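In what follows, a single structure is set out as structure tokens and then discussed.
The values are calculated or read from the model by the stated rules, or taken from the named source; none is laboratory data. This is a predicted model, so every value here is computed, not measured. Every residue, glycine among them, receives a Cβ derived from its backbone with ideal geometry; neighbour counts consider all protein chains shown. Please note that ligands, DNA and RNA were not included when accessible areas were found on the heavy atoms of the full protein model with its side chains. Shrake-Rupley method; radii C 1.70, N 1.55, O 1.52, S 1.80 Å.
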2 protein chains.
Amino acid sequence: MSDHQEVPVAPVGAHEPPYYVAVFTAVRTHDQSGYGETAARMEELVRHVPGFLGMDHAQTPGGLGITVGYFRDPDALTEWRANSEHRAAQKRGIGEWYESYTLHVAKVERSHGFRRP
Amino acid sequence: MSDHQEVPVAPVGAHEPPYYVAVFTAVRTHDQSGYGETAARMEELVRHVPGFLGMDHAQTPGGLGITVGYFRDPDALTEWRANSEHRAAQKRGIGEWYESYTLHVAKVERSHGFRRP
């Protein structure tokens with residue numbers, strides 16, 4: 001099940017550092033056939049990666065989309081990077097769905113959160 | 001000048017690691033009076049921080065917003081964190097604008113980008 005399109009109650013919270021973030025920033029093309037199904041499938045798949053901690057996604061209509069994946073350690077990132085369905089989706093993204101994107105993989109050194117009481 | 005509301009041509013590109021990302025994920029309250037002016041002012045201020053590399057922002061209507069700031073080194077982050085106008089804005093955010101948020105500060109270990117030819 002995917003909640004990719006649903007409004008979240010709250011962003012993913014702070015975990016105990018160190019952990020990793022994969023920050024994917026993208027502008028999409030006009031040809032988005034198949035994108036929604038693939039995005040939902042990727043979200044389903046990544047949840048099965050040991051060490052996956054959660055995901056946040058925001059999309060400005062007609063503009064930039066940002067997806068942040070949170071992972072416990074480098075092994076979790078490696079497993080997700082090596083996933084064959086994920087690799088096939090990446091190729092299709094370059095071929096069809098993305099006008100431009102950047103991926104930043106980073107080790108979290110500190111974090112904190114706020115929830116309104 | 002702020003381009004906070006404009007559609008970007010492309011996300012901020014990959015820089016040579018190491019550099020830092022500040023990933024701010026937030027759900028806002030219904031009371032947004034003064035938010036737009038303050039966000040624009042913060043964007044103007046952060047551009048003057050030595051070592052500031054850029055910023056990406058995406059906002060799902062009625063949902064999650066994600067802002068990613070890119071900084072060359074910890075000194076740049078420290079300067080931005082210590083800025084008095086920024087601190088005042090953070091207090092107002094907690095008091096009025098944010099239902100919930102999380103901040104993750106992380107050191108980028110690798111990055112890459114794609115631009116459609």
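Ascending distances from the A:HIS30 label point to its copies in the other chains, with the point 7 Å along the Cα-to-beta-carbon line: 4.0 nm. Other protein chain C-beta atoms within 10 Å of residue C-beta, averaged over B:86-98: 1. The H on the amide N of A:GLU109, modeled in the peptide plane, is under 5 Å from the matching H of B:VAL105, B:ALA106, B:LYS107, each at least 5 residues off or on a different chain. Volume of the convex hull of region B:1-114 (Cα atoms only), normalised per residue: 108 Å³. Counts of other chain beta carbons within 10 angstrom of each beta carbon in peptide A:111-117 average 6. Accessible area of region B:19-108 with a 1.4 Å probe: how many percent of it is carbon plus sulfur? Looking at region B:19-108 in its full context, I get 54 percent from C and S.
Computed on protein heavy atoms with a 1.4 Å probe, what is the summed buried accessible area for the chain pair A and B, in Å² to the nearest 100? Counting both chains, the buried surface is close to 4200 Å². A 1.4 Å probe run over the protein chains yields, for region B:19-108, 43 Å² of accessible area per residue, whole-number rounding. The same position A:HIS48 in the other copies lies at 5.3 nm from this copy, comparing label points 7 Å beyond Cα toward the beta-carbon, shortest first. Of the peptides A:48-56, B:53-61, the ranking by mean beta-carbon count within 10 Å, highest at the top, reads B:53-61, A:48-56. Within 10 Å of the Cβ of each residue in B:18-24, the mean number of Cβ atoms contributed by other protein chains is 4. Expressed as a rounded percentage, what relative contact order does chain B have, with Cα pairs under 8 Å and six or more residues apart? After rounding, I find 44 percent. Along region B:47-62 the Karplus relation, 6.51 cos²θ - 1.76 cosθ + 1.60 evaluated at θ = phi - 60°, assigns HN-Hα couplings of 5, 8, 6, x, x, 6, 10, x, 8, 10, 9, 9, 9, 6, x, x Hz to successive residues, with x for each Gly and Pro. Cross-link partners of B:LYS91 among lysines, defined as those whose alpha carbon lies under 29 angstrom from its own and excluding same-chain residues fewer than eight positions apart: A:LYS107, B:LYS107. Across the copies of the chain, B:ARG116 has label points (7 Å from Cα along Cα→Cβ) spaced 3.9 nm apart, shortest distance listed first. Across the protein assembly as shown, the volume of the C-alpha convex hull divided among the residues equals 127 Å³ per residue.
A protection proxy built from the mean count of other Cβ atoms within 10 Å ranks the segments A:13-23, B:29-39, most packed first, as A:13-23, B:29-39.
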